[in-house]
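Chemist: What follows is a structure written as structure tokens; I'll ask about it next.
Derivation of every value follows stated rules applied to the coordinates shown; laboratory data play no part. Small disclaimer: the values here were computed from a predicted structure and weren't measured. For neighbour counting, all protein chains shown are included, and Cβ atoms are generated from backbone atoms with ideal geometry for every residue, glycine included.
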Amino acid sequence: MSGGILIIILAIVAGIVGYWIYNSVRGGGFEGGTGRGYWVRTVIFFAFLIFLYGPIVVIGVLSFQGPNGGLTFPMESMSLRWFREVFNPTYAGDFRLPFLRSIALALILLVLTTFISFTAGLAYRRGFKGASIVFYLVIVSLIAPPFLISFGLLQGFATLGWQSSWWSGALGAHLTWTLPFGVLIMFAIFSRLDMAIEEAAYDQGATNWQKLRYVIIPIVAPGLLAVALFGFTLSYDEYSRSSLVTGFTSTLPVEMVTVRGTAARPSLYAVGTMTTIFSLLIIGGTFLALYLMEMRRGLLSGGKLSDSKAAG
Amino acid sequence: METLQRYSAYLQISPLVLVLLVFLIGPMVVIVLYSLYRFTGFVTIPGDFTLANWARIFSSGTTWGSLIETIRVTAITWAITLVLGFVLTYYLVFDVKLLRTKILLFLLAVVPFWTSGVVRMIAWVPFLGREGLINRGLMGVGITDAPLEFLLFSEFAVILSYVHVFTLFMVAPLFNVMARIDTRLVEAAKDQGANGWQILWNIIIPLSRPGIAIGTIFIVALTASDFVAVSILSGGRAGTLATATFNQYSAIQHPYAATNGVVLLIVLLLFVGGIMRLVDIRKQL
């Protein structure tokens with residue numbers, strides 16, 4: 001009975017969304033109007049979206065697996081048992097502490113990534129000897145095999161007689177992944193920032209600090225927010241670089257892979273669902289903040305909202 | 001004043017340089033050292049330097065096999081993500097006319113970037129397994145009688161998840177360059193009688209080259225270094241260099257793992273260095 005109502009509601013929602021999509025994407029391409037190529041690409045695009053989100057939706061549904069159900073369909077019945085198990089673990093795999101560690105680590109990475117990327121951006125604006133070497137170093141950090149970083153850090157720590165944990169080895173390993181993104185974003189932001197603005201502030205008698213506080217930071221604030229999002233999420237989700245260096249204090253992704261390999265139960269899906277929803281909330285919140293920033297800026301300057309969005 | 005300005009630039013870049021030296025160059029130096037340590041087959045003797053590990057991998061066929069396997073898997077993934085990413089981006093940039101829709105669809109396509117890759121790899125298991133959705137569907141409709149074994153724990157599953165997780169690394173840089181193409185160029189070409197394919201081949205693709213280059217760097221680096229999808233979706237059975245490194249590490253053959261890892265690193269650096277000679281990445285930022 002309730003299943004039937006659910007299907008009807010879903011069908012109505014799908015219909016409305018489908019109609020809206022049809023109306024908003026109609027008519028495009030260089031063939032002019034709605035040629036065959038255009039429809040092929042439309043189908044490919046939306047098929048890709050289904051491919052992209054399908055598996056995670058299935059994981060979401062399977063999280064509600066009945067108490068005796070397994071890791072795949074059929075759904076034996078519906079229950080919240082596996083969500084409860086996440087919070088009161090009775091079996092192998094305790095996700096609670098790893099989750100808290102992951103959040104703490106992601107927050108540290110957020111702060112460090114934003115600060116280091118911002119100061120690096122300022123340095124490049126001034127110019128310094130060896131600038132291109134540091135740039136290549138950043139690219140190397142982006143492409144270096146994650147396992148090697150983890151492996152090298154672990155052996156390095158061992159050689160020094162230290163035990164690596166989430167706040168030491170893993171923190172450093174995560175920085176090598178978040179910083180390239182942060183620095184490259186800051187480059188892009190600063191390269192669009194007119195030098196004349198700084199000169200004007202200087203001419204008006206602003207000190208270096210005032211120039212930074214009242215001119216540069218407000219202008220690049222959306223960029224800083226974007227860097228913060230990368231710093232937080234890339235760390236929060238990182239597995240390969242952390243794999244060997246979290247020691248006895250595993251982070252959430254490390255715990256998930258361990259449990260998946262040894263004692264997978266539907267509670268793994270429940271964790272996956274919750275962590276994905278958590279990520280989506282963080283992403284949505286950041287985009288909302290960015291949008292509000294743009295709105296305020298648009299109202300203040302009287303400029304068009306779309307200009308900067310389209311350029312980005 | 002001038003010297004103060006100069007000093008402050010060094011002060012401002014120092015946190016980045018410090019972090020990269022300690023946490024990037026540091027581990028790399030350790031790996032290179034390990035590849036030079038003597039290994040008896042059971043224990044590693046730190047400080048006892050030898051080229052034996054290197055001689056071993058250059059003489060044995062396994063490393064070359066792993067290298068070729070890495071190149072093959074990476075090439076397949078690259079080709080699929082390039083074509084798919086190009087079509088998706090083309091659609092977003094040229095087919096979707098409303099700016100609001102364009103932004104919304106672009107976000108929908110890239111949002112998973114900020115969610116967990118591990119979860120998204122695990123999420124394929126209930127699809128592809130013996131009892132998975134695809135096998136049930138195929139058997140339910142009557143296309144197959146027995147479950148298809150190749151779906152899970154196979155190269156197919158691994159490449160599928162690469163395409164799933166990595167395609168947006170191609171879409172984002174492509175979108176960045178394609179959105180900047182002056183549509184008047186296309187109009188002019190059309191007025192001169194160019195057809196759709198000619199426009200694509202002579203205007204869109206050449207102007208998209210920097211985006212293709214950056215996307216290629218991402219895809220190649222991510223695919224060639226992956227050992228996670230392999231361990232989740234093919235049970236660790238894959239002959240790539242990254243997986244070999246991981247397996248040798250797990251078997252406590254650290255110097256062998258280090259040597260393989262250095263080979264992978266060198267190959268990646270050469271490849272990316274080559275691409276960066278072709279395209280000025282800093283100009284694209």
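Chemist: Given 4 °C and 1.567 mPa s, compute D for chain A with the Stokes-Einstein relation, Rh being the Kirkwood radius over Cα pairs; round to the nearest whole µm²/s.
Modeler: Working: Rh = 23.3 Å.
Answer from the Stokes-Einstein relation: 56 µm²/s.
Chemist: Also, I was wondering about something else. Most exposed first by the Cβ proxy, i.e. fewest other Cβ within 10 Å, how do A:Y236, A:Y291, A:Y53, B:Y34 rank?
Modeler: Starting with the residue having the fewest Cβ neighbours, the order is A:Y291, A:Y53, B:Y34, A:Y236.
Chemist: For segment A:175-245, take N as its residue count and report Rg(C-alpha) divided by 2.2 N^0.38 Å.
Modeler: Ratio of Cα Rg to 2.2 N^0.38 Å: 1.45.
Chemist: Please state, rounded to one decimal and in Å, the Kirkwood hydrodynamic radius that segment B:138-201 gives when every pair of distinct Cα atoms enters the mean of 1/r.
Modeler: Evaluated on segment B:138-201, it is 16.1 Å.
Chemist: OK, next. Average projected area of the Cα convex hull of segment B:42-162, in nm²?
Modeler: If you wrap the Cα atoms of segment B:42-162 in a convex hull and average its projections, you get 13.9 nm².
Chemist: Compute the relative contact order of chain B as a whole-number percentage, counting only Cα pairs closer than 8 Å that sit 6 or more residues apart in sequence. Show your work: numbers first, answer last.
Modeler: Working: 296 pairs, mean separation 76.7, N = 285.
Relative contact order for chain B comes out at 27 percent.
Chemist: Separate question: Taking 8 Å as the Cα distance limit and 6 or more residues as the minimum spacing, I'd like the relative contact order of segment B:18-65 as a percentage.
Modeler: Dividing the mean separation by the residue count of segment B:18-65 yields 25 percent.
Chemist: Another question, then. Find the relative contact order for chain A and round it to a whole percent, using C-alpha pairs within less than 8 Å whose residues are 6+ positions apart.
Modeler: Over chain A, the number comes to 25 percent.
Chemist: Sum up the lysine pairs in the protein assembly as shown that clear both bars: alpha-carbon distance under 27 Å and a spacing of 8 or more or different chains.
Modeler: Final tally of qualifying lysine pairs is 14.
Chemist: Enumerate the calculated ³J(HN,Hα) couplings along segment A:235-248 in order (Karplus 6.51 cos²θ - 1.76 cosθ + 1.60, θ = phi - 60°), each rounded to whole Hz, writing x wherever the residue is Gly or Pro.
Modeler: Using θ = phi - 60°, the values come out as 6, 4, 9, 5, 10, 4, 6, 7, 3, 9, 9, 8, x, 8 Hz.
Chemist: State the volume of the convex hull built on the alpha-carbon positions of the protein assembly as shown, expressed per residue in Å³ and rounded to an integer.
Modeler: 196 Å³
Chemist: Per q in 0.13, 0.14 1/Å, what log10 I(q)/I(0) does a Debye calculation on the alpha-carbon atoms of chain B return?
Modeler: At q = 0.13, 0.14 Å⁻¹ the computed log10 ratios are -1.08, -1.16.
Chemist: What fraction, in whole percent, of alpha-carbon pairs in segment A:62-143 exceed 17 Å separation?
Modeler: So the pairs more than 17 Å apart make up 69 percent of the total in segment A:62-143.
Chemist: Among A:E238, B:E155, which comes first, then next, by fewest other beta-carbon atoms within 10 Å?
Modeler: Ascending number of Cβ neighbours within 10 Å: B:E155, A:E238.
Chemist: Normalised by the empirical 2.2 N^0.38 Å for globular proteins, what value does the Cα Rg of segment A:87-221 take? Before the final figure, lay out each step's value.
Modeler: Numbers: Rg = 19.6 Å, N = 135, 2.2 N^0.38 = 14.2 Å.
Normalised by 2.2 N^0.38 Å, the Cα Rg of segment A:87-221 equals 1.38.
Chemist: What are the ³J(HN,Hα) couplings of segment A:264-269, residue after residue, when phi is run through the Karplus curve with 6.51, -1.76, 1.60 and θ = phi - 60°? Round to Hz, x for glycine and proline.
Modeler: Result, ordered by residue: 6, 9, x, 4, 4, 5 Hz.
Chemist: Kindly put A:L100, B:L207, A:L52, B:L88 in sequence by how many other C-beta atoms sit within 10 Å of each C-beta, fewest to most.
Modeler: A:L100, B:L207, A:L52, B:L88
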